[in-house]
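Student: One structure is given below, represented as structure tokens, and several questions about it will come after.
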Amino acid sequence: GYALQWHEGYETRISVYKTDVDELISFAGVDNQAININKADIKGVEAELAASSGQWQWRIQGAWSKAVDADTDMPLLRRPELTGLLSLGYLFDNQLNVTGEFTAYSDRPDLGTDLPGYGRLDLIASWPVSESWRIEGRFENVLNREYELIDGYNTPGRSFFLRINYLSN
């Protein structure tokens, strides 16, 4: 990929990739049996624009990918073609950083069906207690959006995670 800083506080990244995978394990059939895909082709483009101004930071990311069985040209399961992220954060004077992130995923194939696209809002806060310790909180799926990553399997609703990090010098 390439990164370009074209103005103070702005950064752009673009990545283009193509991956050939031999012997990819996937799933098929009523019982979700493990199967072997002889060759898979995965290609895509990712782009990001990020900026900061004073205590505000924002980031926009988007990606397109095509993942297929190279022998049949059928799409690989559970891989969205389009994804996107919009992030907006604020750094307070006491170094508390609060960020809201909205992620979106397009529909994707699953066994015998297509899973619909969805969007999710997360809130993240981090605060350095000292030079070595940081407290982080993550409130995921704030709007309690119902979606499935795998057809027929529940996905967590609202979730809260608290993490304490120790950074060794």
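The values are calculated or read from the model by the stated rules, or taken from the named source; none is laboratory data. Worth saying up front: this structure is predicted, and the values here are computed from it rather than measured. All Cβ positions, glycine included, derive from the backbone under ideal geometry; neighbour counts span all protein chains shown. Surface areas here come from the heavy atoms of the whole protein model, side chains and all, with no ligands, DNA or RNA. Shrake-Rupley method; radii C 1.70, N 1.55, O 1.52, S 1.80 Å.
Student: Can you name the number of the only condition in (1) at pLDDT 95 or above; (2) open to solvent by 40 Å² or more (accessible area, probe 1.4 Å) that I150 fails?
Tutor: In the conditions (1) at pLDDT 95 or above; (2) open to solvent by 40 Å² or more (accessible area, probe 1.4 Å), I150 misses (1) alone.
Student: Filter segment 153-166 down to residues that are exposed (fewer than 11 other Cβ atoms within 10 Å of the Cβ), outside any loop (DSSP other than H, G, I, E, B) and modelled with pLDDT under 95, then give me how many there are.
Tutor: Count: 1.
Student: Looking at A47 and the list (1) among the hydrophobic types (A, V, I, L, M, F, W, C); (2) over 19 Å from R78 (Cα atoms); (3) open to solvent by 60 Å² or more (accessible area, probe 1.4 Å), which single condition is not satisfied?
Tutor: (3) is the only condition that A47 fails.
Student: Out of all the residues in segment 114-123, which are open to solvent by 40 Å² or more (accessible area, probe 1.4 Å), outside any loop (DSSP other than H, G, I, E, B) and in contact (Cβ under 8 Å) with a residue 12 or more places away in the chain?
Tutor: R120, L121, L123 - these are the residues of segment 114-123 that are open to solvent by 40 Å² or more (accessible area, probe 1.4 Å), outside any loop (DSSP other than H, G, I, E, B) and in contact (Cβ under 8 Å) with a residue 12 or more places away in the chain.
Student: Against the definition (modelled with pLDDT of 90 or more and more than 23 Å from D151 (Cβ to Cβ)), how does I14 come out, yes or no?
Tutor: Yes; evaluated as a whole, the condition is true for this residue.
Student: Also: Do you know which of the residues in segment 34-44 that are among the charged types (D, E, K, R) and open to solvent by 70 Å² or more (accessible area, probe 1.4 Å) is nearest to L91 (Cα to Cα)?
Tutor: K43
Student: Out of segment 61-88, which residues are in a strand (DSSP E or B) and either open to solvent by less than 80 Å² (accessible area, probe 1.4 Å) or touching a residue at least 40 places away in the same chain (Cβ under 8 Å) (or both)?
Tutor: Q61, G62, A63, S65, A67, V68, D69, P75, T83, G84, L85, S87
Student: Determine whether R134 is within 16 Å of the chain's Cα centre (by Cα), surrounded by 15 or more Cβ atoms within 10 Å (Cβ to Cβ) and within 22 Å of A50 (Cβ to Cβ).
Tutor: Here the answer is no, as R134 does not meet what is asked.
Student: Regarding segment 28-47, can at least one residue be identified that is among the aliphatic types (A, V, I, L, M), part of a strand (DSSP E or B) and farther than 25 Å from G112 by Cβ?
Tutor: The answer is yes; a qualifying residue exists.
Student: Hey, another quick one. I'd like to know if segment 90-105 contains one or more residues that are within 20 Å of the chain's Cα centre (by Cα), surrounded by fewer than 15 Cβ atoms within 10 Å (Cβ to Cβ) and not in a loop (DSSP other than H, G, I, E, B).
Tutor: no
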